[in-house]
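What follows is a short report on a single structure.
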Amino acid sequence: MSAAPDALTPDDPLTTKEGWHRFVDYQPEPLAPAGTAQRLSLTPRQRAAQDDACRDYHAMLPLVNTPTIRQVLTTGRLLVQLNRHQISARRGLVLSGASGTGKTTALTQLGRTHERAVRKRHPGRKHHLPVLYSTVPPAATARMLAVEFARFFGLEFAPRTNLPDIVNAVCATAAHTGVELVLVDEIHNLNLATRSGAEVPDQLKYFAERLPATFVYAGIEVEAQGLFAGVRGRQIAGRFTLIASTPFAYGTAEQRAAWRSLVSTLEGMLRLREHRGGTLVALDETAASYITRLANLHGMSFDELWHQVSRPRVTNSQSRYIAADLLAAVTSLPHALLVRAVIELRQPEPDWLAHRHEAQRGCPRCTARHPGGTVLQLLPHHRYVCTRHRIWIGPPDLVDQPCLPLHDLPEIVAAQRAHLRLLHRFGPAATFDAVLTGFLICAHRWSQNPADDNDLDARLDWRDRVDVLIPHGTEKTTFSTTRLFAVTYPEAVKVAALVGSLHWRRLAAGGPDGQLRFAAEIRRRLGDPGYRPQITNDPIARWIDQDCWQPPSLPRSTYRAARSFGGRTGPKVTDRARDSNARSATWFARTRRGGRAMLYHRHLTAVLARDWSVPMTTFSATVTASATTRKFRDEAVRNTSVATLTELAKAEYLRPRAAPSDYLDTAVTPTPWPIRTGPKISAGRLALGKERTSVGMPIPR
């Protein structure tokens, strides 16, 4: 297969006007990917020709804009405009950096972009040369540099031609052809230690005074070559803007997004038979997250792209929602793929009760192949750990928190697998209620000190795990409530296996013998042989008293009912949330106990204020009530001798009879989601002033 007529050839370097013109004109044509069936129908010669064409295409892939290229283009084009009417002291640009960081690519791309813009603005000029590209030869002298400039225009001189004649010819030709931009590469070849080498910067300055053009230099670590030293160097440093060309960084979220964007763009240009590119959309991603990433990848504003892929919710309404057909038309992705990937477009709709009510970051390694920014997903309630990469995911907390690796805590990863087994046995409704109840019990117990003579207490394991996840002295930077949930997750799942089982619920709701059997099993799982259910300050006794004979609790809200569903907004980190996290970190640093922070986290609201709970005036009163018996307390106390309130607080709870329950009489496994027949019970407002030290009062019905 013959080469394309406009392809670059080795005997036309960029330092000649012919080579430069071909570089500017060259535009690689996209190669149509050949399927397996089509390739099998070709002859061996045709296959070889196809392979050669494929190699030629990949050798000259279209350029991808990097942050350095974008900065050079923006700054260079601006300087050209500013220098257009300057008589002297024109501003210039210096591109400096280590080898292999794309300096020549950025320099030539600036010249190519400028020349194509000039051609578009003045299409009738045939002999217009708006860009001059040259390189500094090794051990360059002033005459060698002038000859390099002349060679670009095709000017030839006798060996004895003096330097002023060469310079005058170059300047006259440049003025006649309308040169506006002079690109000088390999500027680090200047040897300022010799007399002839030191004259080269003066020659460049003379060209800059004679030519009405903007000069741009590029070289390896120009600052270290002494170009900006001395009187001449200070003048250059004062007139030239320095841009550092650095390797891609991967430290911040913005830098990682830029790198993934580059990889994704290059991947989209590949035309390889066996290549399978990464899917653009992540599974269960929200519409706002996907549109944000898509806009970042294409350099568009979110509002501009959002109006192209959304429709008004109501006629003449300012509120808009995502539209699957418009999104498919804009992205050129199959409608079936978008409907499967974007959670708001799913058909049929998913079980919204089984998903969390707000989007959050998933596993960063699972979503690393999806460029353009942070991927926000709507995860199911049972997803706390990425077992593949051993990374803690939930519950949702501050969206900009770093990921939490669990390589040193394999018991947390094992708890996620046990959680999935519970989901298979009990169903999503009972598992959701059981795991949150397990977290609630663990949170209350973590607020108390373990017994000194008990080495099996789970609270000692929590102390060891929290030292790994939130080391001493680092609370201000490493603390987050979601890490506290990770600390108690293994024991919460163990408790959930009891709480979610209809067998154990019936024992807890039964007579004294069943309650004693339940208490014996739960103290074994929590590693506390001396535990006995108590009237007050005991979440387990509270669950036996009021909750075990009731159906599973429903989530407080769903993502489907949220105002952000299908819209343009997503979770944001507010100053109030940061202040709350900072206060919790300060409190945790003093006590190294995380139960209080867990109890006040929104993740437990569904089991703190259940549909049958007594509504309280403040949220702190709701937290206190979640560890206090109420319904059968009087019957349980009658069987004990209680004379004072102190004795009441230490009294054991043992209901003398079974709790009547229509639910347990007919319940089956897996348990379906119950139906909420009345309004949600309020969890109470935040305590104000002196209320923070009081218990709180129930709201009269």
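The values are calculated or read from the model by the stated rules, or taken from the named source; none is laboratory data. For clarity, every value in this text was computed on a predicted model and none was experimentally measured. Reconstructed Cβ throughout: ideal geometry from the backbone, glycine too, with neighbour counts over all protein chains shown. Ligands, DNA and RNA are excluded from the accessible area calculation, which covers all protein heavy atoms including side chains. Shrake-Rupley method; radii C 1.70, N 1.55, O 1.52, S 1.80 Å.
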Under 20 Å between C-alpha atoms, the lysine pairs in the chain lying 8 or more places apart or on different chains count 4
Can you give me the relative contact order of region 415-496 as a percent, contacts being Cα pairs under 8 Å and 6 or more apart? 49 percent
Where does helix 142-153 land angle-wise versus the long Cα axis of the chain, in degrees 0 to 90, nearest 10? 90 degrees
With +1 on each Lys and Arg Cβ and -1 on each Asp and Glu Cβ, how big is the dipole of the chain about its Cα centre, in debye rounded to the nearest 20? 1340 debye
At 1.4 Å probe radius, can you tell me the per residue accessible area of the chain in Å²? 50 Å²
If you roll a 1.4 angstrom probe over the protein chains with everything in place, what fraction of the accessible area of the chain belongs to carbon and sulfur, to the nearest %? 54 percent
With θ set to phi - 60° and the Karplus curve 6.51 cos²θ - 1.76 cosθ + 1.60, what are the ³J(HN,Hα) couplings of region 492-503 in order, to the nearest whole Hz, using x for Gly and Pro? 4, 5, 4, 5, 4, 4, 7, 5, x, 7, 5, 4
Taking the Cα centre of region 444-594 as the origin and placing charges on Cβ (Lys, Arg +1; Asp, Glu -1), which of Pro450, Phe479, Pro512 is farthest toward the positive end of the dipole? Phe479
Once you wrap a convex hull around the alpha carbon atoms of region 535-587, what is its projected area averaged over all directions, in nm²? 6.7 nm²
Which whole-number percent gives the relative contact order of the chain, counting Cα pairs below 8 Å spaced six or more residues apart? 11 percent
Calculating P(r) over Cα pairs in 10 Å bins from 0, in percent from this structure picks out, from [x] 3, 15, 25, 27, 19, 9, 3, 1, 0; [y] 3, 13, 20, 20, 16, 12, 9, 5, 2, 0, 0; [z] 3, 12, 17, 16, 14, 11, 10, 8, 5, 3, 1, 0, 0, entry [z]
Free-standing Cys residues across the chain, given no other cysteine C-beta under 4.7 angstrom: Cys54, Cys171, Cys403, Cys442, Cys548
Stretch Ala175-Ala414 to full length: gain in nm at 0.36 nm per residue minus the Cα-Cα span? 78.5 nm
Among region 471-512, those whose backbone N falls under 17 Å of a label point 7 Å along Cα→Cβ from Ala589 are 471-481
Where in the chain is the longest stretch that carries no GluC sites (Glu not before Pro) classed as loop by DSSP and with at most 14 other Cβ atoms within 10 Å? 275-701
